[in-house]
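Read through the structure below, which is laid out as structure tokens, and then see the notes.
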Amino acid sequence: IALRASISASDIASAGQASVTVYSPGPGGGTSGATTFTINTGGPTITNVSPNPATGSNSPQTMTLNGTGFVSGATVTWRDLTFNDTYADRIPTSVTSTQVVINATFGNDPSSWTAQVINPNGASSNQASFSVNAPIPVITSLDPPSTTAGGSAFTLTVNGSTFHRSSVVRWNGSNRPTEPVLDAVGRTIALRASISASDIASAGQ
């Protein structure tokens with residue numbers, strides 16, 4: 001009522017379809033009609049993420065996920081392990097069987113991340129680890145830009161695009177109490193520093 005056949009690994013090395021028939025030798029006998037056997041694509045695998053480490057930025061940057069088994073229509077899930085955030089269903093700019101290219105924004109905070117590719121059939125890759133390093137801070141403006149010698153203590157707002165939550169304002173090379181100013185998605189867009197009266201006791205720069 002049944003036959004068992006040994007199918008080798010090479011027989012199913014590539015996704016697609018195989019035609020299955022049964023042959024019975026004569027006299028008489030012959031070949032049966034064909035039945036289709038489906039060989040599904042295996043799950044995706046990420047071998048590495050590039051660049052790694054990435055340099056933090058509040059603007060999108062191009063990331064490349066190299067591996068195997070990626071399918072057109074795949075999406076990417078990012079996980080920020082440092083701040084416990086997940087960003088699912090991100091759409092790549094291009095997908096081939098061995099490479100996913102995608103734009104992503106990671107912020108400026110030094111942090112640890114994973115990337116995971118999910119194919120349209122729901123098959124998920126491993127979670128590939130990579131890190132984000134803080135960029136060099138750049139000041140764009142000060143508010144206020146000046147004050148009068150001998151005045152009272154005040155709060156100095158330092159604006160820039162490459163700060164992170166642990167950045168510290170330094171006054172003549174010495175740290176001052178600092179708090180980050182965050183936007184709606186948690187990116188540091190400015191720093192507020194407490195400047196004491198003794199810091200501005202004398203005129204100068």
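The values are calculated or read from the model by the stated rules, or taken from the named source; none is laboratory data. Everything quoted here is computed from the prediction, not taken from an experiment. Every residue, glycine as well, gets a Cβ built from its backbone with ideal geometry; the counts of neighbours run over all protein chains shown. Accessible surface areas use protein heavy atoms only, side chains included; no ligands, DNA or RNA. Shrake-Rupley method; radii C 1.70, N 1.55, O 1.52, S 1.80 Å.
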Inset, instruction - Take the stretch 56-101, compute every pairwise Cα distance, and split them into 10 Å bins from 0; I just need the percent in each bin. - result: 24, 52, 24, 1
Legend entry - Cut-off under 5 Å, modelled amide H: who pairs with Gln61 long-range: Ala104, Thr105
Inset, instruction - Summarise the long-distance tail of P(r) for the stretch 1-71 by giving the % of C-alpha pairs beyond 20 Å. - result: 59 percent
Legend entry - Choice from Gly16, Gly122, Gly43 with maximal GNM fluctuation in the chain (Cα, 10 Å cutoff): Gly16
Inset, instruction - At q = 0.11, 0.15, 0.17, 0.18 Å⁻¹, what is the base-10 log of I(q)/I(0) for the chain according to the Debye formula with one equal point scatterer per Cα and no solvent? Please give it to two decimals. - result: -0.70, -0.95, -1.08, -1.15
Legend entry - Per-residue SASA entry for Arg165, accessible area with 1.4 Å probe, Å² rounded to 10: 90 Å²
Inset, instruction - May I ask what percent, to the nearest 5, of DSSP beta bridges between residues of the chain are antiparallel? - result: 95 percent
Legend entry - Estimated vicinal HN-Hα couplings, Hz - the stretch 110-117 in sequence order (Karplus 6.51, -1.76, 1.60; Gly, Pro = x): x, 7, 10, 10, 10, 10, 9, 9
Inset, instruction - Could you run the Karplus curve 6.51 cos²θ - 1.76 cosθ + 1.60 with θ = phi - 60° over the stretch 27-38 and give me ³J(HN,Hα) per residue in whole Hz, x for Gly and Pro? - result: x, x, x, x, 10, 6, x, 8, 10, 8, 10, 9
Inset, instruction - Compute from the Cα atoms of the stretch 102-193 the Rg and the Dmax, the latter being the longest Cα-Cα distance, and quote both in angstrom. - result: 18.7, 69
Legend entry - FRET efficiency for Asn121 and Gln61, using Cβ-Cβ distance with R0 set to 30 Å, rounded to 0.05: 0.55
